[in-house]
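Here's the structure we're looking at; comments come further down.
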Amino acid sequence: MMPSPQLAIFKGEFVWMQTVIFPGRYDSLAKIAELVQKASQEFGLDPLAAYGVETAVDEACSNIIEHAYGGEGKGEIEFNYRIEGESLIIKLQDTGKGFNPRKVPKPKINVPLKQRQENGLGLYFMHQWMDEINYETTGKTNVLTLIKRKG
């Protein structure tokens with residue numbers, strides 16, 4: 001799938017955003033990763049920071065498939081990004097089951113592996129790799145915004 005540029009209004013100004021809609025399937029993750037790599041390169045991230053962004057988006061998309069849709073092929077993931085000054089802004093949208101990230105307990109990373117809870121570690125790492133994460137539900141649409149800043 002090729003990105004389709006869309007004109008949007010952001011903070012009162014017109015900006016172009018690259019938007020692609022993917023089937024909510026694990027085999028879509030490689031194509032999404034290619035777009036994240038393109039965005040990271042366009043933004044000028046170093047390889048380590050770019051890898052962190054790619055991994056955070058991969059985790060977020062996996063969570064959409066597994067938790068929001070309850071499995072593969074039950075919905076779509078809309079991916080778009082824009083570069084706004086010193087920020088790379090990636091948005092993921094889905095129409096699956098919403099959730100409140102504040103209700104996900106913080107993982108206990110200083111305890112032995114056998115004592116760790118099953119969920120929450122991916123969200124924890126997403127917060128480590130990105131500078132800002134925002135989640136909102138508007139109507140039937142869940143919007144996850146991941147922001148990486150230079151420096």
Problem - Under 16 Å from K103, Cα to Cα: aspartates and glutamates that are on another chain or at least 8 residues apart - result: E118, E136
Fill in the blank from the handout: For I109 and H67, extending 7 Å from Cα along the Cα-Cβ vector and measuring point to point gives, in nm, a value of 1.7
Problem - Length gained when the stretch V143-H127 is fully extended (0.36 nm per residue, less Cα-Cα span) - result: 4.2 nm
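Exceeding 25 Å between C-alpha atoms, which entries from my cross-link table qualify? They are K91/K150; K74/K106; K31/K91.
On the way: K91/K150 18 Å; K74/K106 28 Å; K31/K91 15 Å.
Too far apart for the 25 Å limit: K74/K106.
Which of rounded, prolate, oblate describes segment 24-144, given a ≥ b ≥ c as roots of the alpha-carbon gyration tensor eigenvalues and a/c under 1.5 marking rounded, otherwise prolate only if a/b is larger than b/c? All intermediate terms of the calculation are to be shown ahead of the outcome.
On the way: a/c = 1.60, a/b = 1.15, b/c = 1.39.
Verdict is oblate for segment 24-144.
When the chain is fully extended, how far beyond the present Cα-Cα distance does Y51 get from A33, taking 0.36 nm per residue of separation?
Details: separation 18, 0.36 × 18 = 6.48 nm, distance 0.97 nm.
In short, 5.5 nm is gained.
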Handout entry: Unit charges on C-beta of K, R, D, E only; dipole of segment 59-103, Debye
Key = 260
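Order of 85-96, 49-60, 27-38 by packing, highest average Cβ count within 10 Å first? If you can, show how the numbers build up before the last one.
Details: 85-96: 18.4, 49-60: 20.4, 27-38: 15.7.
Highest-to-lowest ranking by the protection proxy: 49-60, 85-96, 27-38.
Each reported figure results from applying straightforward, stated rules to the coordinates on display, with no laboratory input. Every value quoted in this text rests on a predicted model; they were computed, and no experiment measured them. So basically every Cβ, Gly included, is an ideal-geometry build from the backbone, and we count neighbours across all protein chains shown.
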